[in-house]
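Here the structure comes first, spelled out in structure tokens, and everything after it is commentary.
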Amino acid sequence: MGSVVYQEIFDAIVEQAQAAGLVSGRVLYTDSTHLKASANKNKFDVQPVEVKPQGYLQALDEAIDTERQTHDKKPLKSKPGVANTRQSKMSRTDADSGYMVREGKPKGFFYLDHRSVDARHNIITDSHATPASVDDSRPYLSRLDRQRERFGFEVEAVDLDAG
């Protein structure tokens with residue numbers, strides 16, 4: 001079965017929980033956990049990877065520039081020395097995984113399972129896997145929007161850790 005079919009099954013279960021009054025979508029908790037990839041941490045290639053600014057940071061910079069223009073101020077200078085590429089370890093045996101280096105965590109190739117849980121009865125309302133090299137913040141807003149659109153959640157509060 002493809003991942004689309006699994007997503008449809010997962011969504012149907014969340015909808016059943018909603019219909020039974022077990023999920024409200026009003027308060028959501030989100031965190032991620034690392035899952036070990038089936039990859040040897042010593043078998044990798046180092047490759048340059050393009051670094052793209054996060055969409056909301058780029059939008060914020062554009063809004064600041066627009067606001068500065070309305071007050072006849074020059075745009076802010078771009079940050080010097082910001083690299084457009086970085087070196088990244090790519091597994092030879094599991095190219096979809098990401099190399100994780102975090103304080104207090106094991107080093108190696110992993111995935112991150114990002115999960116959102118409804119506060120009413122601790123039912124998982126979203127699960128999304130990424131390579132472990134992806135920051136927790138990157139998929140968060142799009143996954144929150146997906147839940148709001150798909151299930152009609154009227155989210156009043158969210159709880160996140162510092163990641």
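None of the figures in this text is laboratory data; all of them are computed from the coordinates on show. Everything quoted here is computed from the prediction, not taken from an experiment. Note that each Cβ is placed from the backbone with ideal geometry, even for glycine, and that neighbours are counted across all protein chains shown.
The amide H of V23, built 1.01 Å from its N in the peptide plane, has Q18 as neighbours under 5 Å, considering only residues 5 or more places off or on other chains.
Between G108 and M100, the built amide H atoms are under 5 Å apart, and every one of these is 5 or more places off in sequence or on another chain. For region 3-160, the tally of Lys pairs with Cα-Cα distances below 23 Å comes to 14, considering only residues 8 or more apart or on different chains. Here region 3-160 yields Rg over Rh of 1.06, to two decimals, using C-alpha coordinates and the Kirkwood radius. For D31, the amide hydrogen comes within under 5 Å of the amide hydrogens of R115, counting only partners 5 or more places away or on other chains and with H modelled in the peptide plane. Karplus-based coupling profile of region 150-159, in residue order and whole Hz: 6, 10, x, 5, 9, 6, 9, 8, 10, 10, with θ = phi - 60° in 6.51 cos²θ - 1.76 cosθ + 1.60 and x standing for Gly or Pro.
Can you tell me, using C-alpha contacts under 8 Å and at least 6 residues apart, the relative contact order of the chain as a whole percent? Walk me through the intermediate numbers first.
Working: 237 pairs, mean separation 54.1, N = 163.
Rounded, it is 33 percent for the chain.
Taking a ≥ b ≥ c as the square roots of the eigenvalues of the Cα gyration tensor of region 5-54, is the shape rounded (a/c under 1.5), prolate (a/b larger than b/c) or oblate? Cα axes put region 5-54 in the prolate bin.
In the chain, the calculated helix contribution to ellipticity at 222 nm averages -10000 deg cm²/dmol per residue, counting -39,500 (n - 2.57) for every DSSP H run with n ≥ 4.
Just to be sure I follow the definition: excluding the sites themselves, where is the longest run in the chain that has none of the GluC sites (Glu not before Pro) in a DSSP loop with at most 12 other Cβ atoms within 10 Å? Don't skip to the answer; put the middle values down first.
Working: sites that count: E103, E154, E156.
Segment 1-102 is the longest.
Using 0.36 nm per residue and subtracting the Cα-Cα separation, the extra length available between I124 and Q16 on full extension is 37.6 nm.
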